[in-house]
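**Q** Got a structure for you, questions after.
Please treat every number below as a calculation from the coordinates, not as lab data. Here the structure is a predicted model, which is why all the values come from computation and not from measurement. Here the Cβ is made from the backbone with ideal geometry for all residues, glycine too, and neighbour counts use every protein chain on show.
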Amino acid sequence: MTNAFMQPQNLEEKLIWYLLIGTYLLYFLGAQYIVVPAVAWFLSLYLLRKIWGQTPKEQLNNQNNIPATVWVWMVCMVCILFVIVIGHNDFNLGTTRTINSIINWARQHALFALFLLISCLNIRAQLIYRAVCIICLQGLIFTALGYLAFALQLTIPGSLYQGNVYVSPLKFAGGGSLLYEVSLYLTEHGQLRMSLFTPWAPALGLVANIYFFLAYHESNRIWKWIGMTGAVVMIVVSVSRSALICLPITLVLTWFFVHFSRPIVQITFGLVSFVTGIFATQLLNLLTTIQANFTSARPSSSRVRNTLGEIGMYRWWNEAPVWGHGIQDNPGPKLVEGMPIGSHHTWIGLLFTNGIMGFIALGIPFVWSFIDLLLKVHKSKTAQAGLSVIIVLFIFSFAENIEGLTYIYWPGLLTMGLAFKEAVYRKQNLVIA
């Protein structure tokens, strides 16, 4: 489909389409953290209703069959829910905190499984790509407005006004005030950083990387370049170190996995490995220098992150190795500028809050999904997009708690689900729209 216009064709596509292109409207209302999970749960129940009401012919053709990989995600996310409850019980956190944590699970971890499940509905990948390109175009516009506002030192008026930030009244829904803040721009040591429709700047870098690889598969050339350009601009204005290195690394890894079956690529890889072995010492010194430069680019941030990781690992191992502490320790000590223990790192955060059981419950579907996508990446463009998404998530998992941002980068999860679904339909010799 190469036309410049895209129209949703059914209920699920309409909800996905308007939810995406209305991203900034939801952001200005402070409603993303409420509306996105609500739509995810609604469409999941809608799918289950369709499966329940299938005709014998539809059952025979597996019209709404759920792929094995999606089942793995659903089972593992339910396991995390049980781990959360056990962790709260071990530390006597009380009924109120337990209920709040279950609600947060429904808006965070559960969305991994829900958006993969929703992909079993009749949703076209090209619809997602086009909507993402539209968001990237909107991002270009709001980036320009943000720089103009910064130059003019404009602020946002309102009864809940805090500096350059407006906090939506919807914050009563819980989850932290950061999730309901609306800002024209952010400053750090006099430097402009933008978060646009995300709660903080590194989150924009995460989403922009995912959007780049979704826009890359847009069939209309004009929209494709608009989307990719907008995504790159969002990466740059986020001033996120992880975002800046993630894009080239993901490009190289995706290309490598897609073309690895070619003899020329295998021969080249063998030669590179041989040369790398010869110059191993020099390369290690180069990597050490690069890491030092990466750390020195924002030394205070690097120090806080490293300290958070050390404290989180120490307290996990000595206090709650199996089931975790149940919640992050918020606020953290002055040593880490009050940042919550268990934040800024997905895997250490899982160990601290959910113990080794939570770590395994997320690690299994992550590895399973990577293998699933890798096996079909040579024949499926959708799998290529999905593989790029999971690589981006893996890279950012060492800098962010990615489970808390699922309501932002969910188009990537939906694309992964469409790739998982393809194999099911091919086994039935069906054509995917």
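**Q** Could you calculate the FRET efficiency of residue 265 with residue 42 from 1/(1 + (r/R0)^6), where r is the beta carbon distance between them and R0 is 45 Å, rounded to 0.05?
**A** Numbers: r = 44 Å, r/R0 = 0.98.
Between residue 265 and residue 42 the formula returns 0.50.
**Q** D for region 323-433, whole µm²/s, Stokes-Einstein with Kirkwood Rh over alpha-carbon pairs at 20 °C and 1.002 mPa s: what number? Mind showing how you got there, number by number?
**A** Values: Rh = 15.5 Å.
Result for D is 138 µm²/s.
**Q** Expected output is a single nm value to one decimal: the length gained when fully extending between residue 222 and residue 317, i.e. 0.36 nm times separation in residues minus the C-alpha distance. What is it? Don't jump to the answer; show the numbers that get you there.
**A** Details: separation 95, 0.36 × 95 = 34.20 nm, distance 5.23 nm.
Full-extension gain reported as 29.0 nm.
**Q** A follow-up question, please. Could you tell me the calculated FRET efficiency between residue 51 and residue 96, based on Cβ-Cβ distance and R0 = 56 angstrom, to the nearest 0.05?
**A** Details: r = 35 Å, r/R0 = 0.63.
The calculated FRET efficiency here is 0.95.
**Q** Within region 65-83, whose backbone N sits under 18 Å from a point 7 Å along Cα→Cβ of residue 371?
**A** Backbone N within reach: 67-77.
**Q** Between residue 381 and residue 360, what length comes free when the chain is fully extended (0.36 nm per residue of separation minus the Cα-Cα distance, one decimal in nm)? Display every interim value, and only then the final one.
**A** On the way: separation 21, 0.36 × 21 = 7.56 nm, distance 2.95 nm.
Once the chain is fully extended between residue 381 and residue 360, it gains 4.6 nm.
**Q** Which of the peptides 400-409, 172-181 is most tightly packed, and how do the rest follow, judged by the mean count of other Cβ atoms within 10 Å per residue? The partial results should precede the final answer.
**A** Values: 400-409: 22.8, 172-181: 17.2.
The densest-packed peptide leads the list: 400-409, 172-181.
**Q** Using 0.36 nm per residue, how much length does the chain from residue 302 to residue 177 gain when fully extended, once their Cα-Cα distance is taken away?
**A** Length gained between residue 302 and residue 177: 42.6 nm.
**Q** Highest mean first, what order results for 309-316, 30-37 on Cβ atoms within 10 Å?
**A** Numbers: 309-316: 18.4, 30-37: 20.8.
The peptides rank, most packed first, as 30-37, 309-316.
**Q** Sticking with this structure for a sec: Considering only Cα-Cα distances, which of the following residue pairs are longer than 27 Å: 14/224; 14/381; 14/379; 14/50; 14/376; 224/421?
**A** Details: 14/224 21 Å; 14/381 23 Å; 14/379 29 Å; 14/50 17 Å; 14/376 29 Å; 224/421 24 Å.
Distance filter (> 27 Å) returns 14/379; 14/376.
**Q** Sorted by packing (mean other beta-carbon atoms within 10 Å per residue), highest first, where do 320-327, 221-228 land? Intermediate results must be reported in sequence, preceding the final value.
**A** Working: 320-327: 20.8, 221-228: 17.1.
Per-residue mean Cβ counts within 10 Å order the peptides as 320-327, 221-228.
**Q** Moving to a separate point now. Between residue 89 and residue 253, what is the spin-label point distance in nm, taking each point 7 Å from the Cα along the Cα→C-beta axis?
**A** 3.7
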